[in-house]
Amino acid sequence: MATRRAGLACAAVLVSSLAVAGGPLDVLPKAVHDPVVATVEKVLGFDWGAQITTPDEIVTYARALAASAPSRVRLLEYGRSEEGRPLVLLVVASPGNQARWDEVQAGLARLGDARSLKPGQAEELIHRLPAIVWIQCSVHGDEASGADAGLALAYHLAAGRGPEIDRILAETIVVVDPVENPDGRARFVASVRQATGLQPDPEPASAEHVQPWPGGRVSHDLFDLNRDWFVLSEPESRARVAAMLRYHPIVEADLHEMGAEEGYYFAPPAVPRNPLLAGEGDALVDLLGRGNAAAFDAHGFRYWTREVFDFFYPGYGDSWPTLTGAVGMTFEQASSRGLVTRLKDGTLLTYADCVGHHLLAAFTTCLTTADNREKFLRGWYAFRQAAVTGGEHGPERAFVLGDGRDTGAADELGELLAREGIEAYRVRTGAGGVATGTVLVPLDQPLGRLARVVLDRGESMGKGFEQEQARRDAKRLPDEIYDITAWSLPLLWRVPARTVTAVPRALGLERLEPGAAQSGAVTGQGKVAFLLPWTGDASVRALAQLLRQGVKAAVARKAFSVAGRDFAPGTIVVRRAGNDAGLRQRLEDAARATGEDAIGVDTGYADRGIDLGSSNVVPLVPPRVAIAWDVPTSPLSAGGLRWAFERVFGYPVSAVRTATLAHADLSHFDVIVLPDAWARGWSYASVLGEDGVKRLRAWVEEGGTLVAVGNGAAFLAGEKVGLLDSKLEKRLGSETPAEGTKPSKGGDATGGPNRAFDYESAIQPGEEEPPLVPGAILRVELDPDSVLSAGFADGRADVLVDSRRVFTPLKLNRGTNVAVYAAADELVRAGFVLPVSREQLPRKAYLMVQGHKRGKVVAFAEDPVSRGLTRSTMLILANAVFFAPGY
């Protein structure tokens with residue numbers, strides 16, 4: 001006890017001494033601060049780094065800073081978080097640059113589009129425009145020190161007088177986004193403050209360092225905002241991207257945290273690097289890195305570069321800005337995850353230390369940019385100009401999205417591109433092989449590289465890098481892949497996409513704008529029924545809206561043709577009979593809101609296939625849906641699934657804590673969804689307990705539909721649960737031979753008098769997990785006889801696979817393998833997959849359905865909502881929840 005008290009006292013002394021000595025600001029070159037400008041101590045009652053600020057405190061201080069230094073600081077609110085918290089920018093500049101803020105933005109907009117410039121105008125603009133340095137902070141809510149470093153930077157530049165500050169203000173405008181994820185930060189700060197005792201505890205295992213589920217990293221919807229930059233699933237991401245497009249950052253740094261023992265990381269990044277991110281920026285990143293290295297060396301601070309944090313996935317807070325022409329970078333500070341933590345060597349890392357290191361890197365970045373302003377502006381211009389001239393795109397000049405038949409998904413994808421600042425056009429009049437109703441995306445535009453990287457099937461990570469990963473796998477060394485390796489939006493949204501080498505001049509084009517989704521239409525009198533083709537998100541949203549309004553609807557399990565038009569399985573049938581006189585108005589409202597069409601028919605007699613009165617037209621009941629919440633679920637999976645239902649489908653669900661499922665009245669629900677689960681610590685079995693598992697099984701047998709995802713499906717396949725007659729396979733070749741069988745060739749490790757010892761066979765592990773498939777897009781083949789395949793006329797889907805799971809398919813007498821991985825020659829659509837996985841995965845189960853008396857289990861091998869990227873598999877999820885209960 002005495003030792004513990006001594007440690008607490010030591011921690012308290014360290015925190016307070018840093019604050020008394022000036023704290024994090026001491027790492028910066030000396031400056032004199034104007035006492036009129038508000039300090040954090042005057043406004044909030046504590047010094048820099050002495051407390052972890054809440055989102056409300058951050059905005060309170062930002063407002064006070066702007067009010068006390070109006071000639072240097074302007075405060076801009078650029079959006080609101082999901083929970084309604086302000087998203088703000090502190091724009092710090094010299095009085096002269098503040099006065100010409102609008103002029104600067106107009107000038108950067110001109111410089112950023114070479115199509116609008118005459119010879120010589122670019123150099124003129126580069127000579128007179130300041131560079132925008134954008135410092136964004138704490139996109140992960142529990143990586144807290146970036147936010148307080150951002151506030152300290154804004155204060156130092158607003159109040160300070162000194163040669164370095166003068167250079168920064170003369171040559172740049174510094175934009176600080178102090179809290180990118182206020183909802184996650186509020187959750188994190190609350191957990192720390194609630195767990196803190198008499199004094200901050202440096203013990204890493206103490207409650208103030210260990211967050212309860214779901215943690216502060218994620219947004220309100222439990223999304224990782226640092227993976228959302230081009231998907232734009234979250235309001236924070238949409239608002240931030242719109243602000244960046246409006247204000248044109250030239251240099252951008254994203255302030256993060258990592259493990260407490262890791263020191264400090266700044267760019268240059270590790271390999272692999274996306275080839276479309278290469279160019280002038282590489283030398284500029286090196287220039288900034290050397291500047292930061294010199295500043296850290298001067299203080300003796302530990303740092304490292306070119307390891308771990310790659311530059312391949314385009315949805316990071318460094319890579320997405322880089323694709324707009326900025327020099328984007330990630331900075332990572334070892335985290336105290338509280339006010340103080342004890343490291344393995346016994347030294348203490350304080351929150352003030354963390355703030356100080358981030359502050360030094362951010363300030364040095366501003367100073368290096370100021371000292372090389374024209375070089376950075378010229379690099380930004382060159383990147384965007386190269387996209388316009390088109391030489392880097394090869395012969396391709398544009399993408400054509402869609403085929404002109406089903407325009408809804410192509411329109412939605414085009415509208416998403418427009419939100420990212422990419423020029424996309426709806427083809428109103430087709431010509432030259434480009435059909436009416438498609439979306440045209442020219443590549444000769446300032447954001448042509450961004451367009452290409454999100455629409456193409458993706459780039460290789462480099463032959464040498466990929467060979468190295470195979471070599472490491474052979475030795476069972478950890479791979480060096482940081483994130484997913486494929487993300488093609490056309491593949492994952494099921495939108496046909498192709499490139500053209502010339503854009504026909506006769507095309508009639510209409511520029512797509514953010515929020516400009518097309519409305520659907522209700523056609524025909526519909527004397528007997530209205531039919532809604534089942535094709536994608538719009539179809540699901542329309543059905544969800546109608547069910548919520550009490551409209552009686554049914555789903556056709558088989559194809560048919562009526563009134564000269566073909567309808568596929570999954571078509572929604574809304575009969576006049578059984579619905580009230582306001583039916584057409586409700587359908588028109590749904591068409592207008594969702595973009596879905598409804599076709600009225602005046603007979604139930606089919607030209608071909610089933611009639612509308614067939615028993616294969618199954619009535620739908622609005623399902624009462626529960627999603628397991630809290631441990632052991634993965635917050636990303638649980639949040640993503642709930643987001644899909646509520647944000648994409650527009651259908652409410654109940655989030656029920658997993659432990660509550662063990663004793664809740666499950667008869668209140670028709671469908672229960674088990675998200676993917678963390679692979680460490682907790683499990684569904686441990687949280688539910690034996691009695692909870694029995695109650696869940698009984699609920700299924702009484703008619704419930706249990707939808708399980710990833711490790712949730714693996715839980716159902718466990719021997720003690722027995723709800724899914726599949727099993728997780730071991731790595732190919734590592735399975736224990738069945739009793740009585742002979743060892744495989746080379747398996748006699750002991751050798752014999754006439755046999756050489758087989759070292760390679762002897763060292764192979766037994767019963768090991770398959771290798772990771774690192775976020776690749778794979779093809780699955782769908783069973784056309786299952787209603788869960790509705791909407792997939794070609795019987796195929798592209799899915800995102802990011803796990804080690806390989807499920808054996810169900811026996812024919814145990815259930816249905818609705819989707820299995822395609823044969824080896826068709827399996828990999830995009831991304832990196834090791835040879836052993838290419839051999840093991842074909843014909844293994846992706847989606848299974850198994851009946852249990854009156855109910856059923858639907859099991860997904862992978863998350864159908866991953867990152868909000870996978871609109872194609874979201875449709876399969878909708879099939880499972882809306883169609884499976886009545887099937």
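The values are calculated or read from the model by the stated rules, or taken from the named source; none is laboratory data. Not measured: the values here are computed from a predicted model. For neighbour counting, all protein chains shown are included, and Cβ atoms are generated from backbone atoms with ideal geometry for every residue, glycine included. With ligands, DNA and RNA removed, areas are computed over all heavy atoms of the protein, side chains included. Shrake-Rupley method; radii C 1.70, N 1.55, O 1.52, S 1.80 Å.
Considering the conditions (1) farther than 18 Å from Leu245 by Cβ; (2) of a type in the set (Lys, Arg); (3) touching a helix residue (DSSP H, G or I) at 6+ places or on another chain (Cβ under 6 Å), Arg128 is excluded by exactly one of them, (3). Within the stretch 835-854, the set of residues being open to solvent by less than 10 Å² (accessible area, probe 1.4 Å), in contact with a Phe, Trp or Tyr (Cβ under 9 Å, 6 or more places away or on another chain) and farther than 20 Å from Leu877 by Cβ comprises Leu841 only. When Asp310 is tested against (1) touching a Lys or Arg at 6+ places or on another chain (Cβ under 9 Å); (2) open to solvent by less than 20 Å² (accessible area, probe 1.4 Å); (3) of a type in the set (Asp, Glu); (4) farther than 24 Å from Asp479 by Cβ, only condition (4) is not met. Considering the conditions (1) open to solvent by 10 Å² or more (accessible area, probe 1.4 Å); (2) part of a loop (DSSP other than H, G, I, E, B), Gly49 is excluded by exactly one of them, (1). Ala451 satisfies every condition listed in (1) modelled with pLDDT of 95 or more; (2) at positive phi; (3) not acidic (Asp, Glu) except (2). Residues in the stretch 315-328 include at least one that is crowded, with 23+ Cβ neighbours inside 10 Å and part of a strand (DSSP E or B). The set of residues in the stretch 411-425 that are open to solvent by less than 30 Å² (accessible area, probe 1.4 Å), in contact with a Lys or Arg (Cβ under 9 Å, 6 or more places away or on another chain) and closer than 14 Å to Val454 by Cα comprises Leu413, Gly414, Ala418, Glu423, Ala424.
Matching residues to (1) open to solvent by 70 Å² or more (accessible area, probe 1.4 Å); (2) under 22 Å from Val176 (Cα atoms); (3) part of a strand (DSSP E or B):
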| residue | (1), (2), (3) |
| --- | --- |
| Met244 | no, yes, no |
| Glu257 | no, yes, yes |
| Ala270 | no, no, no |
| Gly289 | no, yes, no |
| Asn292 | no, yes, no |
| Asp297 | yes, no, no |
| Phe301 | no, no, no |
| Arg306 | yes, no, no |
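The sole residue among Glu82, Glu57 that is open to solvent by 10 Å² or more (accessible area, probe 1.4 Å), outside any helix (DSSP H, G or I) and modelled with pLDDT of 95 or more is Glu82.
Here's the yes/no breakdown for (1) surrounded by fewer than 21 Cβ atoms within 10 Å (Cβ to Cβ); (2) among the small types (Gly, Ala, Ser); (3) in a helix (DSSP H, G or I); (4) in contact (Cβ under 8 Å) with a residue 24 or more places away in the chain:
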position: Phe383; (1), (2), (3), (4): no, no, yes, yes
position: Val388; (1), (2), (3), (4): yes, no, yes, yes
position: Pro395; (1), (2), (3), (4): yes, no, no, yes
position: Val427; (1), (2), (3), (4): no, no, no, yes
position: Arg449; (1), (2), (3), (4): no, no, yes, yes
position: Arg457; (1), (2), (3), (4): yes, no, no, yes
position: Arg476; (1), (2), (3), (4): yes, no, no, yes
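The set of residues in the stretch 192-205 that are assigned to a loop (DSSP other than H, G, I, E, B), in contact (Cβ under 8 Å) with a residue 60 or more places away in the chain and either small (Gly, Ala, Ser) or open to solvent by less than 30 Å² (accessible area, probe 1.4 Å) (or both) comprises Pro200, Asp201, Pro202. Against the conditions (1) within 28 Å of Gly315 (Cα to Cα); (2) open to solvent by less than 10 Å² (accessible area, probe 1.4 Å), Arg829 satisfies every one except (2). Answer yes or no as to whether Arg472 is assigned to a strand (DSSP E or B) and either more than 27 Å from the chain's Cα centre (by Cα) or buried (at least 22 other Cβ atoms within 10 Å of the Cβ) (or both). For Arg472, the condition - assigned to a strand (DSSP E or B) and either more than 27 Å from the chain's Cα centre (by Cα) or buried (at least 22 other Cβ atoms within 10 Å of the Cβ) (or both) - is not met. Checked against the criterion of being farther than 26 Å from Arg167 by Cβ, part of a helix (DSSP H, G or I) and at pLDDT below 95, the stretch 95-114 contains one or more residues that satisfy it.
Selection of the stretch 809-819 for residues being assigned to a loop (DSSP other than H, G, I, E, B) and either surrounded by fewer than 21 Cβ atoms within 10 Å (Cβ to Cβ) or in contact with a helix residue (DSSP H, G or I) (Cβ under 7 Å, 6 or more places away or on another chain) (or both) yields Pro809, Leu810, Lys811, Leu812, Asn813, Arg814.
Looking only at residues of the stretch 584-603 that are part of a loop (DSSP other than H, G, I, E, B) and out of contact with any strand residue (DSSP E or B) (no Cβ under 8 Å at 6 or more places or on another chain), we find that the one that is surrounded by the fewest Cβ atoms within 10 Å (Cβ to Cβ) is Asp602.
Okay, residues lined up against (1) open to solvent by 80 Å² or more (accessible area, probe 1.4 Å); (2) under 26 Å from Val836 (Cα atoms); (3) at pLDDT 95 or above:
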residue: Lys742; (1), (2), (3): yes, yes, no
residue: Lys745; (1), (2), (3): yes, yes, no
residue: Gly766; (1), (2), (3): no, yes, no
residue: Pro774; (1), (2), (3): no, yes, yes
residue: Leu788; (1), (2), (3): no, no, yes
residue: Asp798; (1), (2), (3): no, yes, yes
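The rows are residues; the columns are (1) touching a His at 6+ places or on another chain (Cβ under 7 Å); (2) without any contact (Cβ under 8 Å) to a residue 60 or more places away in the chain; (3) of a type in the set (A, V, I, L, M).
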| residue | (1), (2), (3) |
| --- | --- |
| Tyr605 | no, yes, no |
| Pro622 | no, no, no |
| Ala628 | no, no, yes |
| Ala638 | no, no, yes |
| Glu646 | no, yes, no |
| Val653 | no, yes, yes |
| Arg657 | no, yes, no |
| Asp670 | no, no, no |
| Leu674 | no, yes, yes |
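Scanning the stretch 90-135 for residues that are small (Gly, Ala, Ser), under 20 Å from Pro446 (Cα atoms) and crowded, with 17+ Cβ neighbours inside 10 Å gives Gly107, Gly112, Ala114, Ala122, Ala131.
In the stretch 312-320 there is no residue matching the filter, namely being in contact with a strand residue (DSSP E or B) (Cβ under 8 Å, 6 or more places away or on another chain) and more than 26 Å from Arg217 (Cα to Cα). Summed over the stretch 139-191, the residues that are in a helix (DSSP H, G or I) and of a type in the set (S, T, N, Q) give a count of 2. Checked against (1) out of contact with any strand residue (DSSP E or B) (no Cβ under 8 Å at 6 or more places or on another chain); (2) open to solvent by 20 Å² or more (accessible area, probe 1.4 Å); (3) at pLDDT below 95, Gly281 passes all but condition (1). Scanning the stretch 11-29 for residues that are modelled with pLDDT of 95 or more and outside any helix (DSSP H, G or I), we see that the one that is least open to solvent (accessible area, probe 1.4 Å) is Leu28.
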